[in-house]
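**Student:** Quick one: the structure is below, questions incoming.
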Amino acid sequence: MEPGESEGTIWDTYDQSFREDAHQLLAWGYQDARQLITSDREETDITGFITEAIQARLSSSGINDRFDRYSLKDDHPIPDEGRTGKRRMRIDIIIESSSRPRHKQRPWYTFEAKRLCKPSHPISTYVGQEGMIRFVQGRYAVACPEVAMLGYVQ
C-alpha cells in the first residue's frame, strides 16, 4: 500500500462503472424479455425471463468486452436465522464482478424483485419484516453495501 492510501472498504468496490454496468444488464434483460412479461405472470416468472435474457446477453459475442468480468446469479439462497434448504431466503438477481479488490471479496450488486399488484400484493407488504426492514436491519444481502429493488407494477 502506498503512503497516504487507505486500506479501502467494500464500499470502494461499488464504483460508478460497476453500478452502471449492473443496471445496464438489468435494462437489457428487461428489454429482451419484455414480450414475455404480462400482468398475469408471477414474480418468479418475470424474474426468470429477465435473468435468462441477461445470461443470453452475457453469452453473446456482440457484447462489449468489459461485460466479460460479470456473472449472474438467479434465485440465490442465503443463510438467515436458522432457515435451511428450500426455506432459506433467496436473492432474486445478483450481478457479480470477477474483480478482486483489496479486501478480496468479489463485489455483488443485488436486485430484489417484488410484484406490486393490488389488492393481492400491495406496496405495504414490502416495507415490513419480510420486506425492506430485512435490508435496513442488515439481515438480508448483508455483504452488499448497495442493493436495488425492482417493482413489477401489475
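The values are calculated or read from the model by the stated rules, or taken from the named source; none is laboratory data. Everything numeric here is computed off the predicted structure, so don't read it as measured data. Glycine gets a Cβ as well: all are built from the backbone with ideal geometry, and neighbour counts include every protein chain shown. Keep in mind that these areas ignore ligands, DNA and RNA; they rest on the heavy atoms of the full protein, side chains included. Shrake-Rupley method; radii C 1.70, N 1.55, O 1.52, S 1.80 Å.
**Student:** Against the definition (surrounded by 11 or more Cβ atoms within 10 Å (Cβ to Cβ), at pLDDT below 95 and more than 11 Å from Ala113 (Cβ to Cβ)), how does Ile37 come out, yes or no? Give the derivation first.
**Tutor:** Working: surrounded by 11 or more Cβ atoms within 10 Å (Cβ to Cβ): yes; at pLDDT below 95: yes; more than 11 Å from Ala113 (Cβ to Cβ): yes.
Yes.
**Student:** Tell me, which residue of region 40-57 that is among the polar types (S, T, N, Q) and modelled with pLDDT of 95 or more is least open to solvent (accessible area, probe 1.4 Å)?
**Tutor:** Checking each candidate, the answer is Thr51.
**Student:** Could you list, in sequence order, the residues of region 83-108 that are open to solvent by 70 Å² or more (accessible area, probe 1.4 Å), modelled with pLDDT of 75 or more and over 20 Å from the mean Cα position of the chain (by Cα)?
**Tutor:** Arg83, Thr84 - these are the residues of region 83-108 that are open to solvent by 70 Å² or more (accessible area, probe 1.4 Å), modelled with pLDDT of 75 or more and over 20 Å from the mean Cα position of the chain (by Cα).
**Student:** What pairs can you find where one residue is in region 18-40 and closer than 15 Å to Tyr152 by Cβ, the other is among the basic types (Lys, Arg) and in a helix (DSSP H, G or I), and their Cβ atoms are less than 8 Å apart, with a gap of 6+ or different chains?
**Tutor:** What qualifies is Gly29/Arg57.
**Student:** So His76 fits all but one of (1) loosely packed, with under 14 Cβ neighbours inside 10 Å; (2) within 19 Å of Thr110 (Cα to Cα); what number is the exception?
**Tutor:** (1)
**Student:** Residue by residue through region 44-82, note down the ones that are more than 15 Å from the chain's Cα centre (by Cα) and β-branched (Val, Ile, Thr).
**Tutor:** Applying the first criterion (more than 15 Å from the chain's Cα centre (by Cα)) to region 44-82 yields 45, 56-69, 79-82.
Across region 44-82, the qualifying residue is only Ile63.
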